[in-house]
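Notes follow the structure.
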Amino acid sequence: RLGAASRFQALLCCLRQQNSRREIFEFMMFALKGSARLDAFVDGLHSDDSTRSTDSAQMGDSRFSFPGVFSSWDSGSFKLVKVLHKATESWSSHLEIYEDIDQGTLFTVKRFPKNTVFGTPEEFKKHGGEGNPWQEIFLGWEFQRMQSLLKAPAPVLPAAMFRDKDSRDIILASEKVLEMDLAEYCQMMGEPGLARSTQALSILKALLRSVMALHAMDAHHGSIRTETIWLHRNSDSDWELSLTNIGTALSLKANPYQAPEAAEQSLGKIATQAADLFACGVVGFALATGRFPWFSTGAGRSFKYAKDNGIRRFLRHSYCPTSKCEMPHDYRLLLESLLHFDPAERVMKCHKLRFLIKAPEQAPLEFLNSRCLAGQLSALMGF
């Protein structure tokens, strides 16, 4: 449980970014209620969920309440349709599509095996687990509660929470039906050129809006790559993005997404907002060209040239795909900023380009509560 001092510290961090006295007052009332919700969330993790039925927390139901965060997973009511991704050493959850047998509707399930989350945040910390899967669990749960207030797509899948009685797995179930990850989508795009890069630009902007919304809540992803970005259709049948494996996937030592500051320090992983932005730049490069800019941010001719000559000259070099690929000026500007080698300069440049992606200058009031709670959850877990 967080003490009064910890709550005040988390609250003060958010208030520093506010200008209006009225907004400060409203947020103080909102965030203090949110602190109580975090306590209730943690209490619910320890409560006996055997008396709660699946019906008491239907997906999309704003009545999802306490006591007891979890509903009991009724396996007889749902049928597994497709496995999108299996849990691996670097992927802490199963990603699946299920069908509601009675309703005939599809929905997405993220299943966290008991041995990856250990039942509660405290148990996870005690076992010294890698990453922080509870961050994604908590954010999915919180966005589910706030769906009616959201003015933009949530950066993560809003999800109701269940616990499987038999396996004790934690299950996040979302009404949004994931169709494919960005790696598969890249393979379906046409040849590199203006048409592809124009299409890719809208996806890159959507990705950056999601990542910056996450950052506005004092959270970070930690493992952005084409396989952790998933597409689903909204009510207008347009593509929307959802980030998965937030804070849960382990970064491989040799990979193109790793921020150069991490590679230079010989770290296996790095979890900062600047590193998230660099990974977005690598994704943006792959969207436009169908290739990665380098095999690894630590070795190889391409990376060495970019490091020695700067990212702008690298993108214009004759053997770089972007030199032959016609693309909008805004796209090149974003890539040069996202792939900048200096993390502080990278963050500053991206902040100046927020108008290009139509990202808000600060989180809307309804997001501030989640931002505060995300920080409190991290403090609670000691990360």
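The values are calculated or read from the model by the stated rules, or taken from the named source; none is laboratory data. Everything numeric in this text was worked out from a predicted model, so none of it was measured. When we count neighbours, we look across all protein chains shown, and the Cβ atoms used for this are built from the backbone with ideal geometry, even at glycine. Accessible surface areas use protein heavy atoms only, side chains included; no ligands, DNA or RNA. Shrake-Rupley method; radii C 1.70, N 1.55, O 1.52, S 1.80 Å.
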Can you find even one residue in the range 287-298 that is within 17 Å of the chain's Cα centre (by Cα), at pLDDT 90 or above and within 27 Å of Met188 (Cα to Cα)? no
Any pair with Cβ under 7 angstrom, 6 or more apart, that starts in the range 212-224 at a residue that is farther than 17 Å from Leu241 by Cα and ends at one that is open to solvent by less than 30 Å² (accessible area, probe 1.4 Å) and of a type in the set (Lys, Arg): Ala216/Arg371; Met217/Arg371; Asp218/Arg371
Please state which one of Glu361, Glu326, Glu366 is surrounded by fewer than 17 Cβ atoms within 10 Å (Cβ to Cβ), at pLDDT below 75, charged (D, E, K, R) and part of a loop (DSSP other than H, G, I, E, B). Glu361
So, in the range 305-315, exactly how many residues are in a helix (DSSP H, G or I), without any contact (Cβ under 8 Å) to a residue 40 or more places away in the chain and surrounded by 13 or more Cβ atoms within 10 Å (Cβ to Cβ)? 6
Unique residue being surrounded by 17 or more Cβ atoms within 10 Å (Cβ to Cβ), of a type outside the set (Ser, Thr, Tyr), at pLDDT below 90 and farther than 16 Å from Leu339 by Cβ when the list is Ala254, Ala216: Ala216
Among residues belonging to the range 87-109 that are open to solvent by 10 Å² or more (accessible area, probe 1.4 Å) and closer than 12 Å to Asn245 by Cα, point out the one that is nearest to the chain's Cα centre (by Cα). Ser92
Hey, any hits in the range 63-71 for a residue that's over 23 Å from Leu243 (Cβ atoms), modelled with pLDDT under 90 and assigned to a strand (DSSP E or B)? yes
Just name the residue that is nearest to Cys350 (Cα to Cα) out of those in the range 191-213 that are open to solvent by less than 70 Å² (accessible area, probe 1.4 Å) and charged (D, E, K, R). Lys205
Count of the range 219-243 residues which are open to solvent by 40 Å² or more (accessible area, probe 1.4 Å) and touching a Ser or Thr at 6+ places or on another chain (Cβ under 7 Å): 1
Quick count over the range 165-208, residues being over 24 Å from the mean Cα position of the chain (by Cα) and over 23 Å from Lys358 (Cα atoms), is 8
Go through the range 87-136 residue by residue and tally those that are aliphatic (A, V, I, L, M) and assigned to a loop (DSSP other than H, G, I, E, B). 2
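I need the full set of residues from the range 68-112 which are more than 12 Å from Val177 (Cα to Cα) and of a type in the set (Phe, Trp, Tyr), in order please.
Phe70, Trp73, Phe78, Trp91, Phe112 - these are the residues of the range 68-112 that are more than 12 Å from Val177 (Cα to Cα) and of a type in the set (Phe, Trp, Tyr).
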Output for the range 110-121, where each listed residue is among the polar types (S, T, N, Q) and open to solvent by 50 Å² or more (accessible area, probe 1.4 Å): Asn115
